[in-house]
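Report on one structure; see the data block that follows.
Every number here is computed from the coordinates shown, using simple stated rules; none is lab data. This one's a predicted model, so the numbers in the text were calculated from it and none came from an experiment. Every residue, glycine among them, receives a Cβ derived from its backbone with ideal geometry; neighbour counts consider all protein chains shown.
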Amino acid sequence: MRKLLLLIVLSVSCSLAAHEWSDETFVSLLTCGPGEELYAHYGHTAIRICDPQDGTDWVFNYGIFDFNTDHFYWKFVRGETWYQLGASSLESFLYQYRLEQRPVYEQRLRLTDLQRDRLINALLINYEPENRTYLYNFVFDNCATRPYHMILSALGDSIRSTYTGAQGQTYRRYLQHYTGRGSWADFGINLLFGRRSQHRMQGDEALFIPEELMFYLSEATFADGTPVVLKERIAPFDIAPLPWYKTWYFGIALIGLALLALTLIGRHIHRRFYGIDIAFGIVYALLIAIVIFLTFFSIHPLVGFGWRLFILPLVYLCIRLVYYIR
């Protein structure tokens, strides 16, 4: 299978490298809307290269990973997830997003011939088998930051943008916008993210989120005031509100009420139900062990100890102390 993929990579690289791009060739930034899976909540970014003269239309994206990689899950937990630059036809790229009913927005970049060729050549070099793999980092090096820096490098000119967006917001708070405040993913973020997640983003630090990059470029200009985007079709991400019955608040409340009921029953029949205490202790110990491992033995950038880790045992102890109230 890997040999077949390598052959596909080599054939695509050779065909694109040998292609003579016409004057009509253009480059666009594609931004894909959020999906249902957790990893898709934040959207996706890709670069489109199109030559209308002969119908050549390719999409490059930095979001390819291989589940068949040796020790994939162990590496994933440690943060050593190796992603790849992938290339596909526009048709096949869009087909997948149509299946998932996710919108794809486009911004055609205002590039000179030199800038366009520079960007295309850089992508082709990056697509070579020895260059196309990179160590993925959700915040600092991902499917959105890579295209952004590729575009900046090709422009050879500083750009500025009036878009403020997530300026001044913390990583923790802004990620809630996409996971849904009160979701179980939000619950996990609150427990696992440490002090570094409280950093307030400035400049282009928020551009690891595809939607932020899209709006940033939409309002970006060159030094002389010329817009970076020639034309575009964009819209804010449609993020559905989270139903109250799917929130962790509701789930924890149900668990708390059940625990309180068992405590009151135990008090009435003079039983402590030690199994509940043991089960909670095991679960909480595992949680602490996971945080310790991710903090000291992984390269995940935002994970660490935070005061929210101590909310659960405090709530639990308050409920269980009801047994001793006379």
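At-a-glance table
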read-out	value
Radius 15 Å from Cβ of Tyr134, net charge of other residues (Lys, Arg +1; Asp, Glu -1)	-2
Net lengthening on full extension, Ile311/Asn131 (0.36 nm per residue, minus Cα-Cα)	60.3 nm
Calculated FRET value between Asp70 and Thr226, using beta carbons and R₀ = 45 Å, to 0.05	0.40
Cα lying deepest toward the dipole's positive end in the chain, options Gly256, Tyr171, Thr81, charges on Cβ	Gly256
By average C-beta atoms within 10 angstrom, highest first, the peptides 24-35, 107-118	24-35, 107-118
Residue-span extension gain [Val77 to Glu106] - 0.36 nm each, minus C-alpha spacing	7.1 nm
Mean Cβ count within 10 Å, highest first, over the residues of peptides 133-145, 237-249	133-145, 237-249
Highest average packing first - 188-201, 256-269, Cβ atoms within 10 Å	188-201, 256-269
Within-13-Å neighbourhood charge of Glu24 [Cβ basis; K, R +1; D, E -1]	-4
Dipole in debye (nearest 20) - the chain, about Cα centre, beta carbon charges: Lys, Arg +1; Asp, Glu -1	2280 debye
Dipole of the chain, positive end: most advanced residue of Val229, Ser197, Ala40 [Cβ charges, Cα centre]	Ser197
Axial C-alpha extent at least 24 Å, average Kyte-Doolittle at least -0.5 - helices from the chain (DSSP)	248-269, 274-297
